[in-house]
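**Q** One structure is given below, represented as structure tokens, and several questions about it will come after.
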Amino acid sequence: MRQDVRWTDLTYEQIADHLAEAGTPVSVPVVKQLLRKHGYVTRKAQKSETMGTHPDRNQQFENLARLKREYLASGNPIVSMDTKKKELIGNFYRAGHLLTQGVIKTFDHDFPSFASGVIIPHGLYDVRRNDGHVNLGTSHDTGEFACDSIERWWEQKGRALYPQASSILLLCDGGGSNSATQYLFKEDLQRLVDRLGIEIRVAHYPPYCSKYNPIEHRLFPHLSRACRGVVLSSVELVQGLMNRAGTRTGLQVVVDILRTEYATGRRVAEEVKKNLNLHRDDFLPQLNYRIKPAAGCGLFSPQPPARPVPRGRNRKVIS
């Protein structure tokens, strides 16, 4: 056996045939024994090679650890946030096995044009309480969708669980709908904190480090497990499946549906940027900042200001 061979896609039977052709006929069980002897075992590839680096990667991780210690000590909530992979609604193939009495037949291609809709699972993971809250969007993954998802969690669970909270620590990636470099997400966050009347501190993970966001390994794998192999015929079906994604070790999951239609292609006006109550940290200000309620939007205001609707924006709720 050549020392430079690291892997093979040959089956046991094919290896036995090659050995027989070379003048050494052996059975398949002997092939398995020889492979084990030389350290060959069945493995799948692991996503562990970093595609890039960030000069302040280590410093930001130390900063994230410090912020989490502070919020755990103060009793304020720590929420890990991210959007899971979009799913098509329809008779499409999905990996996984099910117990069934008949053959499950699906389309032989996954063309989006054949879908009756999309499902965008936006997740929020309460680090302190090991709770998951998932909002299933049916429109677009925008900053406004992310902020509406946060609001839904806060009004349904967070406000009651943390009645004395003065700030929410939001852990999120640096791209997508919660981009660290664009002002759309910050504009939507400003509107959110004005409605809720509570400060939100945002800490972004450095580029190429999204897999370290707690929601990636504490909530999302269980959502995938709950939906494994099931043909997703409706958003209500996905809601029911993900509601059962809890674990025996204490994870609880609540799933809602957000049917709001979100506009794309929005732009932030310069005056909006100037009026943001945005306070960047001295340390890595691009990744760490706080957004406080505007004047007149006090902590837990009983009557939050009405949500402003930008001119020319087409925003409706799908019944």
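The values are calculated or read from the model by the stated rules, or taken from the named source; none is laboratory data. Please read these numbers as outputs of a predicted model, since none were measured by experiment. Don't worry about glycine lacking a Cβ; one is built from the backbone with ideal geometry, like all the others, and counts go over all protein chains shown. Just so you know, the surface numbers come from the protein's heavy atoms only, side chains and all, with ligands and any DNA or RNA stripped out. Shrake-Rupley method; radii C 1.70, N 1.55, O 1.52, S 1.80 Å.
**Q** Scan the range 46-58 residue by residue and report those that are surrounded by 14 or more Cβ atoms within 10 Å (Cβ to Cβ) and modelled with pLDDT of 90 or more.
**A** Arg57
**Q** Next up: Would the range 186-201 turn up any residue that is closer than 24 Å to Glu216 by Cα, of a type outside the set (Ser, Thr, Tyr) and open to solvent by 10 Å² or more (accessible area, probe 1.4 Å)?
**A** yes
**Q** On to the next question. Quick one: how many residues across the range 49-70 are among the acidic types (Asp, Glu) and part of a loop (DSSP other than H, G, I, E, B)?
**A** The total comes to 2.
**Q** Something else now. Which one of the conditions (1) touching a residue at least 12 places away in the same chain (Cβ under 8 Å); (2) on the phi < 0 side of the Ramachandran plot does Pro221 fail to meet, given that it meets all the rest?
**A** Of the numbered conditions (1) touching a residue at least 12 places away in the same chain (Cβ under 8 Å); (2) on the phi < 0 side of the Ramachandran plot, the odd one out for Pro221 is (1).
**Q** Also: Among Asp108, Asp148, Asp141, which is the only one that is touching a strand residue (DSSP E or B) at 6+ places or on another chain (Cβ under 7 Å), over 17 Å from Val238 (Cα atoms), in a loop (DSSP other than H, G, I, E, B) and not basic (Lys, Arg)?
**A** Asp141
Here is a yes/no grid of residues against (1) touching a strand residue (DSSP E or B) at 6+ places or on another chain (Cβ under 9 Å); (2) open to solvent by 20 Å² or more (accessible area, probe 1.4 Å); (3) in contact (Cβ under 8 Å) with a residue 12 or more places away in the chain:
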site	(1), (2), (3)
Val103	no, yes, no
Ala115	yes, yes, yes
Asn135	yes, no, yes
Arg152	yes, yes, yes
Gln156	yes, yes, yes
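**Q** Okay, moving on. Looking at Lys32, Lys44, Lys85, Lys68, which is the one that is over 39 Å from the mean Cα position of the chain (by Cα) and of a type outside the set (A, V, I, L, M, F, W, C)?
**A** On the way: Lys44 fails: over 39 Å from the mean Cα position of the chain (by Cα); Lys85 fails: over 39 Å from the mean Cα position of the chain (by Cα); Lys68 fails: over 39 Å from the mean Cα position of the chain (by Cα).
Going through Lys32, Lys44, Lys85, Lys68 in turn, just one is over 39 Å from the mean Cα position of the chain (by Cα) and of a type outside the set (A, V, I, L, M, F, W, C): Lys32.
**Q** OK, next. Output the qualifying pairs, or none if there are none: Cβ atoms under 7 angstrom, residues six or more apart or on different chains, first residue in the range 259-288 and more than 24 Å from Ser149 (Cβ to Cβ), second residue among the charged types (D, E, K, R) and open to solvent by 40 Å² or more (accessible area, probe 1.4 Å).
**A** Short answer, once both residue conditions are applied: Leu284/Asp56.
**Q** Which of the following residues is touching a residue at least 12 places away in the same chain (Cβ under 8 Å) and in contact with a Leu (Cβ under 6 Å, 6 or more places away or on another chain): Cys172, Cys209, Cys227?
**A** On the way: Cys172 fails: in contact with a Leu (Cβ under 6 Å, 6 or more places away or on another chain); Cys209 fails: in contact with a Leu (Cβ under 6 Å, 6 or more places away or on another chain).
Among Cys172, Cys209, Cys227, only Cys227 is touching a residue at least 12 places away in the same chain (Cβ under 8 Å) and in contact with a Leu (Cβ under 6 Å, 6 or more places away or on another chain).
**Q** Just to be sure I understand, how many residues within the range 264-283 are over 22 Å from Val79 (Cα atoms), among the polar types (S, T, N, Q) and out of contact with any His (no Cβ under 7 Å at 6 or more places or on another chain)?
**A** Adding up the residues that qualify gives 1.
Here is a yes/no grid of residues against (1) in a helix (DSSP H, G or I); (2) under 30 Å from Ser233 (Cα atoms); (3) open to solvent by 50 Å² or more (accessible area, probe 1.4 Å):
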{"residue": "Trp7", "(1), (2), (3)": "no, no, yes"}
{"residue": "Ile15", "(1), (2), (3)": "yes, no, no"}
{"residue": "His18", "(1), (2), (3)": "yes, no, yes"}
{"residue": "Lys32", "(1), (2), (3)": "yes, no, yes"}
{"residue": "Tyr40", "(1), (2), (3)": "no, no, yes"}
{"residue": "Leu72", "(1), (2), (3)": "yes, no, yes"}
{"residue": "Lys85", "(1), (2), (3)": "no, yes, yes"}
{"residue": "Leu88", "(1), (2), (3)": "no, yes, no"}
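**Q** For Ala146, indicate whether it is more than 14 Å from the chain's Cα centre (by Cα), at pLDDT 95 or above and among the hydrophobic types (A, V, I, L, M, F, W, C).
**A** no
**Q** To continue, here is another question. For Phe111, state whether it is touching a residue at least 60 places away in the same chain (Cβ under 8 Å) and over 22 Å from Pro285 (Cβ atoms).
**A** Answer is no for this residue.
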